[in-house]
Structure formats: structure tokens, C-alpha cells
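The values are calculated or read from the model by the stated rules, or taken from the named source; none is laboratory data. The model shown is predicted, which means the values in this text are computed figures rather than measured ones. Every residue, glycine among them, receives a Cβ derived from its backbone with ideal geometry; neighbour counts consider all protein chains shown. These accessible areas exclude ligands, DNA and RNA; they are computed on the full protein's heavy atoms, side chains included. Shrake-Rupley method; radii C 1.70, N 1.55, O 1.52, S 1.80 Å.
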Amino acid sequence: MYSDALKTGRKIFAVAPMIDWTDRHCRYLHRQISRHALLYTEMVVADAIIHGPRDRLLGHDVAEHPVALQLGGSDPAKLAEAVRIAEAYNYDEINLNVGCPSDRVQSGTFGACLMLTPETVASCVAAMKAISKAPVTVKCRIGVDEQEPEEALPELMTRVLDAGADAIWVHARKAWLKGLSPKENREIPPLDYDIVYRMKQRWPDVFIGINGGIQTLDQAEGHLTHVDGVMLGRAAYQNAAILSDVDHRFHGEPAVEADWDGLRDRMMAYVERHIANGGRLQHVARHMVGLFTGLSGSRRYRQILSTDANKPGAGPEVIAAAFAAVDFAGERERASA
């Protein structure tokens with residue numbers, strides 16, 4: 001995947017891994033809107049894979065590909081075992097989280113605090129590479145706490161590349177391990193995109209992707225003049241309709257009008273299967289609430305999904321009712337005016 005992108009100059013657009021958000025239902029929705037965007041799982045801790053319900057943690061719909069598994073951990077042997085188990089699920093990439101600053105992650109001595117021990121990250125990458133048939137990548141910050149990013153980031157990159165990492169994704173801001181919540185760590189430390197650009201200049205033959213604070217596809221295109229990949233996180237989740245232009249803008253597909261009726265029908269069929277297997281509509285509908293932000297009727301759409309999807313016995317008809325509230329015709333008229 002990444003070597004091909006470097007050889008051909010093809011850029012990669014990805015939806016970032018987000019805890020509690022990018023579960024299998026979210027990814028299935030996103031895949032219905034973009035055929036080519038690289039999708040990521042939530043971070044899954046290696047111990048959970050080894051000792052927990054593997055199918056629930058690792059299972060996914062074949063339609064989700066290309067899809068990457070993000071792992072959390074700091075023990076090379078445990079990460080290697082998690083990769084071995086995950087091999088049966090045919091992920092397109094295995095990514096190591098070196099960026100999450102939550103207290104829970106810190107208590108397990110992984111995530112962003114691994115920026116402080118790049119030699120440990122390198123050992124983890126080497127152990128994962130020894131097992132994985134898929135590319136092994138790292139997603140990191142530019143530094144943590146009092147680290148100097150101009151020293152911390154290249155040291156980490158040097159070590160993990162020497163260990164065999166296939167690509168590096170950089171959230172272009174520091175993480176503060178004490179004093180800031182995970183939400184504040186996504187907003188308060190200043191963004192420094194230029195340092196990521198400089199890493200690409202230093203390692204022109206390495207795939208380097210950028211993440212952090214990117215809100216629009218125009219901004220994404222701007223970053224791709226400097227680096228090889230771009231990740232959108234909350235902007236893609238909170239208004240997933242933004243993904244409808246990804247295949248055209250980043251993968252050379254013809255520009256076509258979004259088929260919202262087709263999306264409705266596919267999601268209704270998916271929900272029907274999910275409910276038949278013991279699931280609930282709300283498991284899927286919660287990811288669809290922000291889909292039509294800004295369109296006429298979107299408020300009523302959100303109300304229907306947020307309220308009716310939670311009712312006992314709620315089924316696919318709730319999705320049909322929500323879509324019926326949106327004025328797609330009015331949006332087409334405005335777009336052509």
C-alpha cells in the first residue's frame with residue numbers, strides 16, 4: 001500500500017482512528033460514501049485481543065477494506081501476539097498508537113507517553129514486523145510535555161524506520177500528559193504542520209502522513225503538496241457527507257452527484273442484518289446523526305435519528321423517515337445556481 005503510493009505518487013486520504021467512534025458500524029457507513037478512503041479501527045489494546053472477545057474486537061465487514069487496525073501497547077511480545085491473532089482478520093495495515101494522551105492509556109504505559117521511550121517503540125515495531133504480512137505503521141505526536149519536537153520527532157522516526165516501519169502518521173501537535181484532558185490535547189497545544197513537512201524533506205523516500213486540526217478537503221489538498229497522506233478525524237465523523245468528494249478529489253474518480261437514496265437503502269439493509277443478529281438500530285444510527293450538517297431539514301433528521309432510534313423495536317424505517325426530512329432537491333438547486 002505505502003510502497004505503491006510512494007512509487008506512483010498517489011496520495012492517501014484516511015479517516016483517523018477515534019476511540020468510541022470509528023467502530024465497525026461507523027466504518028461501514030464511511031465506506032458507503034467513499035470507496036477509497038483508508039479507514040481505521042478504534043485503538044484496540046493488545047491485552048484485550050489476547051484475552052478478550054476477538055471476534056467482537058477484530059471482526060469487520062468485508063466492505064470496509066481498505067481498513068487498518070490500530071493497536072495499543074508497549075510490550076513487544078504482546079503486540080506480536082496480537083498481530084498474530086489479527087492476521088486471521090486480514091487487515092490492510094497494522095498501526096501502533098504513539099499519540100493517545102488519555103489517563104487510561106498512560107496508566108498502561110503506552111500511547112503518547114511512548115514518545116519518551118523511542119527505543120521501546122522501535123522494539124515494538126520490529127516485533128510486529130516479524131509477524132505481520134500487512135504494512136506496520138506508527139501514528140505519533142511531535143512530542144510530549146517538555147520535549148523539544150525538533151529533537152524528539154526525528155529521534156522517534158529514525159528508530160522506528162530502522163526497525164522497519166512502513167509509514168509514519170504524525171498528529172502535528174504536542175501532547176501534554178499532565179494537566180490537559182484528551183479533548184484539550186486535541187485543541188490547546190498549537191499545531192505545527194511545518195515540522196511534519198520538514199520530516200518529509202529529510203526522509204523523501206518514506207511515506208509520511210499528517211493529522212490534526214484539518215477541517216476541509218481544500219485544507220487536505222494543501223497538505224498533500226508537502227506530504228504523502230492526510231487524515232481527517234472529527235471533521236469527517238461529525239459531517240460524514242464531506243467524504244462524498246474524496247474519491248473524485250484524491251483518487252481520480254469522475255465527479256458524480258452523491259447518491260443519498262442509495263446510501264439510505266444500503267444503510268437500511270445493513271441495519272436490518274445487524275438487528276437480525278441481535279443488534280440495535282442505535283448502534284448504527286449514532287454514527288449517522290451528523291451526516292447532513294448544514295442542509296435544510298438536517299435538524300429534523302437529527303431529531304428523528306437521536307430520538308426514534310432509541311425506541312424499543314426501532315428498525316430500518318427510522319432511517320427512511322430521517323432521510324425523508326432532508327431537502328436534497330433544494331441543495332441540488334443551490335449547487336447548480
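Which members of region 252-295 meet the condition of being open to solvent by 60 Å² or more (accessible area, probe 1.4 Å), over 21 Å from Ala235 (Cβ atoms) and hydroxyl-bearing (Ser, Thr, Tyr)?
Answer for region 252-295, where residues must be open to solvent by 60 Å² or more (accessible area, probe 1.4 Å), over 21 Å from Ala235 (Cβ atoms) and hydroxyl-bearing (Ser, Thr, Tyr): there is none.
Only one of Met128, Met157, Met115 is more than 19 Å from Met43 (Cα to Cα), of a type outside the set (Ser, Thr, Tyr), under 21 Å from the mean Cα position of the chain (by Cα) and assigned to a helix (DSSP H, G or I); which?
Answer to the check: Met157.
I'd like to verify a number: residues in region 1-20 that are buried (at least 18 other Cβ atoms within 10 Å of the Cβ) and either at pLDDT 95 or above or of a type in the set (D, E, K, R) (or both), how many?
Qualifying residue count, region 1-20: 8.
What are the residues in region 296-318 that are open to solvent by 60 Å² or more (accessible area, probe 1.4 Å) and not in a loop (DSSP other than H, G, I, E, B), if any?
Across region 296-318, the qualifying residues are Arg299, Arg300, Arg302, Gln303, Thr307, Glu317.
So that you can scan it fast, the table gives a plain yes or no per residue for (1) closer than 22 Å to Ile19 by Cα; (2) touching a residue at least 12 places away in the same chain (Cβ under 8 Å); (3) basic (Lys, Arg):
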residue	(1), (2), (3)
Arg234	yes, yes, yes
Glu257	no, yes, no
Ala285	yes, yes, no
Asp308	no, yes, no
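Quickly run through region 176-212 and pick out the residues that are modelled with pLDDT of 95 or more and part of a loop (DSSP other than H, G, I, E, B).
Leu191, Asp192, Trp203, Pro204, Asp205, Val206, Gly212
Would you confirm, using the coordinates I've provided, whether Thr41 is among the polar types (S, T, N, Q), in the same structural domain as Ala134 (by the TED database), within 22 Å of Gly229 (Cα to Cα) and out of contact with any Asp or Glu (no Cβ under 6 Å at 6 or more places or on another chain)?
Values: among the polar types (S, T, N, Q): yes; in the same structural domain as Ala134 (by the TED database): yes; within 22 Å of Gly229 (Cα to Cα): yes; out of contact with any Asp or Glu (no Cβ under 6 Å at 6 or more places or on another chain): yes.
For Thr41, the condition - among the polar types (S, T, N, Q), in the same structural domain as Ala134 (by the TED database), within 22 Å of Gly229 (Cα to Cα) and out of contact with any Asp or Glu (no Cβ under 6 Å at 6 or more places or on another chain) - is met.
Quick one: in region 178-199, of everything that is among the hydrophobic types (A, V, I, L, M, F, W, C) and farther than 18 Å from Glu155 by Cβ, which residue is nearest to the chain's Cα centre (by Cα)?
The residue in question is Leu191.
Quick one: in region 45-67, of everything that is under 14 Å from the mean Cα position of the chain (by Cα) and surrounded by fewer than 22 Cβ atoms within 10 Å (Cβ to Cβ), which residue is farthest from Met268 (Cα to Cα)?
Pro66
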